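Note sheet for the following structure.
The values are calculated or read from the model by the stated rules, or taken from the named source; none is laboratory data. Because the structure is predicted, anything quoted here is derived from the model rather than measured. Neighbour counts are summed over all protein chains in view; Cβ atoms, including those assigned to glycine, are modelled from backbone coordinates with ideal geometry. Just so you know, the surface numbers come from the protein's heavy atoms only, side chains and all, with ligands and any DNA or RNA stripped out. Shrake-Rupley method; radii C 1.70, N 1.55, O 1.52, S 1.80 Å.
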Amino acid sequence: MRLIYTIVGLMLFNMGLAQQKPGTAGEKYVLVIHGGAGTILKSQMSPEKEKAYREGLTQALEKGYAILKSGGSALDAVTAAVTVLEDNPLFNAGKGAVFTHEGKNEMDAAIMDGSKQAAGSVAGVTVIRNPILAARAVMEKSNHVMMTGKGAEAFAASQGIAIVDPSYFYTEERWKSLQRVKTEDSLKTELDHGNKPGNKGTAFQFENKDSKFGTVGAVALDKSGNLAAATSTGGMTNKRYGRVGDAPIIGAGTYANNATCAVSCTGWGEYFIRLVVAKSISDQMEYGHRSLDEATRDLIMTKVPALGGDGGLIAVDREGNYAMPFNTEGMYRGVVKADGKIEVYIYKH
């Protein structure tokens, strides 16, 4: 009889170990966010502004983490985190979007569900309060992947997404940045992040004088092992001709696949588009059997700079590993894992 009790006890013990096996998705859920990469120097940052940026990033992490902790989806977590950043005028997305040459705010956003590889994006929208919500509606409520301009706005309105007067996006700081750039050279376009010298002798030389860096994004792994990525941006100051960057282009600035990783990029969009950066990372992992760290570093530290571009990205893989590489002076970024500890960074370590 004692032997039977012993055997039963061992069986129950082993069942417990199986349920608590380290490395299960439920123990590895993670949320990573960014608020843009560029020439972010502590010497140029006031203590008050640094505090405000850190608080903004923390708020976004807290919002997304609450969803993951309660068993919510990675898709809901990245949506919530990006929405918080879109509502914060410090970041170049939503409320803090920069101005075009014509004095408008044109925003882009994209979202991708790694479990289904479903995706949605909007580009060149001017009256949608939270473009990331419109991108998600495109993914979930239409048969399309990308919508632009007035069509995207009409669709968003039909889905009950908040539409605002363009004046909602006005911020004095962004407006002054536009006036300064136009005064210096009406044909110059100011990236909302750092850059390397390039395109000299053309009509489109890129400047970065106000040191504000723009795209926002989030990637997450949830308790069910699903991945998701979301990215939103106001583009670049003084942009013209309906320019669109990498953020709303699936595979360039935003990508998620449960088999590999979820990625959200920030930087000089033209180069991220040319290299299809987000998808290239996934492909290196899937076909080249490289780790997340190896793949992200290859793109950000080697391939993008080799062409003359700069920027950074955030990524998380299906095992809960995450990466936040950047080749600029800084990147607003943060991470929270299952233990609930929030880590926020701005400068190079």
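Screening 84, 138, 125 for residues that are farther than 18 Å from residue 222 by Cα, in contact with a His (Cβ under 7 Å, 6 or more places away or on another chain) and modelled with pLDDT of 95 or more leaves exactly one candidate, 138.
Only residues that are in contact with a Ser or Thr (Cβ under 7 Å, 6 or more places away or on another chain) and more than 17 Å from residue 324 (Cα to Cα) were counted in the range 212-231, giving 2.
Within the range 92-109, being within 12 Å of residue 233 (Cα to Cα) and open to solvent by less than 30 Å² (accessible area, probe 1.4 Å) holds for 92, 93, 94, 96, 97, 98, 99, 105, 107, 108, 109.
Residue 301 meets the conditions (1) open to solvent by 30 Å² or more (accessible area, probe 1.4 Å); (2) out of contact with any Pro (no Cβ under 8 Å at 6 or more places or on another chain); (3) farther than 22 Å from residue 73 by Cα in every case but one. The failed one is (2). Looking across 309, 288, one residue alone is open to solvent by less than 50 Å² (accessible area, probe 1.4 Å), of a type outside the set (D, E, K, R) and free of Cβ contacts under 8 Å to residues at least 12 places away in the same chain. It is 288.
Consider the range 285-300 and keep the residues that are touching a strand residue (DSSP E or B) at 6+ places or on another chain (Cβ under 9 Å) and not acidic (Asp, Glu). The one that is farthest from residue 331 (Cα to Cα) is 285. Specify the residue that is modelled with the lowest pLDDT; the eligible residues are those in the range 29-58 that are open to solvent by 40 Å² or more (accessible area, probe 1.4 Å) and in a loop (DSSP other than H, G, I, E, B). Out of the qualifying residues, it is 39.
Scanning the range 110-137 for residues that are among the basic types (Lys, Arg) and surrounded by fewer than 24 Cβ atoms within 10 Å (Cβ to Cβ), we see that the one that is nearest to the chain's Cα centre (by Cα) is 129.
This table checks each residue for (1) in a strand (DSSP E or B); (2) free of Cβ contacts under 8 Å to residues at least 24 places away in the same chain; (3) hydroxyl-bearing (Ser, Thr, Tyr).
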| site | (1), (2), (3) |
| --- | --- |
| 223 | no, no, no |
| 235 | no, no, no |
| 241 | no, yes, yes |
| 245 | no, no, no |
| 266 | yes, no, yes |
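Quick one: in the range 292-349, of everything that is among the hydroxyl-bearing types (Ser, Thr, Tyr) and touching an Asp or Glu at 6+ places or on another chain (Cβ under 8 Å), which residue is farthest from residue 279 (Cα to Cα)? Only one residue fits best here, namely 347.
Of the residues 51, 42, the single one that is without any contact (Cβ under 8 Å) to a residue 40 or more places away in the chain and more than 20 Å from residue 219 (Cβ to Cβ) is 51. Residues in the range 145-159 that are surrounded by 14 or more Cβ atoms within 10 Å (Cβ to Cβ) and either under 14 Å from residue 111 (Cα atoms) or out of contact with any strand residue (DSSP E or B) (no Cβ under 9 Å at 6 or more places or on another chain) (or both): 145, 146, 147, 159.
Only a single criterion out of (1) under 21 Å from residue 78 (Cα atoms); (2) touching an Asp or Glu at 6+ places or on another chain (Cβ under 8 Å); (3) hydrophobic (A, V, I, L, M, F, W, C) is not satisfied by residue 236, namely (1).
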